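Everything below concerns the one structure shown next.
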Amino acid sequence: GISPRGKIGRMYNPYEGLHASLDPKVLGSIRLPNAPEHLFSEEATRHKRSWGENLSYYTGLGYLGGTIAGGVFGGIESSRQAQPQASLDTAKLRLNRLINGTMHRGRMFGNTFGILGLFYAGFESFVQSKLDHSVPDDMSSILAGAATGAIYRMSAGPKSVAVGSAMGAAAALALVIAKNTLATSNRRASMY
């Protein structure tokens with residue numbers, strides 16, 4: 001906020017709390033801004049994560065989401081498996097089978113979606129930097145999704161690359177639509 005002297009920011013004294021013979025009136029205090037400072041005005045209007053933050057965010061989100069989804073899938077899959085003889089199937093063995101299935105699928109899905117998040121974040125940052133933000137951010141996200149799907153399926157041949165690219169673009173389009181829907185609903189909620 002605005003201080004009593006009419007200057008923007010808050011006062012910070014780095015020597016406060018120290019039991020030394022440092023007089024803050026002589027040394028002065030530092031005025032800290034309330035909002036982030038930007039070198040260029042264009043940076044102030046863009047509220048985006050950096051490429052490193054994007055990389056960490058999408059990789060972590062992919063790994064966490066994949067681990068949870070894979071764990072649920074593995075738990076359901078292991079509970080539906082054909083059971084051995086009733087006399088050999090104790091509660092301890094059923095629980096062990098459930099935990100093993102959950103951990104196996106959770107780890108596998110988590111690693112896969114973490115790598116997909118890593119590819120997506122890298123491609124999105126690359127597309128935005130090379131096109132110098134000349135295309136809308138939503139379009140660069142869809143392009144990154146298509147590239148991610150293509151590179152992920154590259155070892156399986158050209159037909160699989162085309163299918164992977166289409167699936168990656170469709171997944172990115174779904175994320176863009178969800179993000180825009182959430183942003184619109186948040187703006188509407190803040191209006192009331």
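The values are calculated or read from the model by the stated rules, or taken from the named source; none is laboratory data. Keep in mind that this is a model prediction, so the values were computed, not measured. Cβ sites come from the backbone with ideal geometry, for glycine too, and all protein chains shown count toward neighbours. Surface accessibility is based on the protein's heavy atoms, side chains included, excluding ligands, DNA and RNA. Shrake-Rupley method; radii C 1.70, N 1.55, O 1.52, S 1.80 Å.
Quick notes on this one:
- Any chance residue 177 is crowded, with 18+ Cβ neighbours inside 10 Å, part of a helix (DSSP H, G or I) and out of contact with any Phe, Trp or Tyr (no Cβ under 6 Å at 6 or more places or on another chain): no
- Extreme residue, farthest from residue 55 (Cα to Cα), among residues of the stretch 91-135 that are open to solvent by 80 Å² or more (accessible area, probe 1.4 Å) and not in a helix (DSSP H, G or I): 134
- Some residue of the stretch 55-75 being modelled with pLDDT of 70 or more, exposed (fewer than 15 other Cβ atoms within 10 Å of the Cβ) and either over 21 Å from residue 171 (Cα atoms) or more than 22 Å from the chain's Cα centre (by Cα) (or both): no
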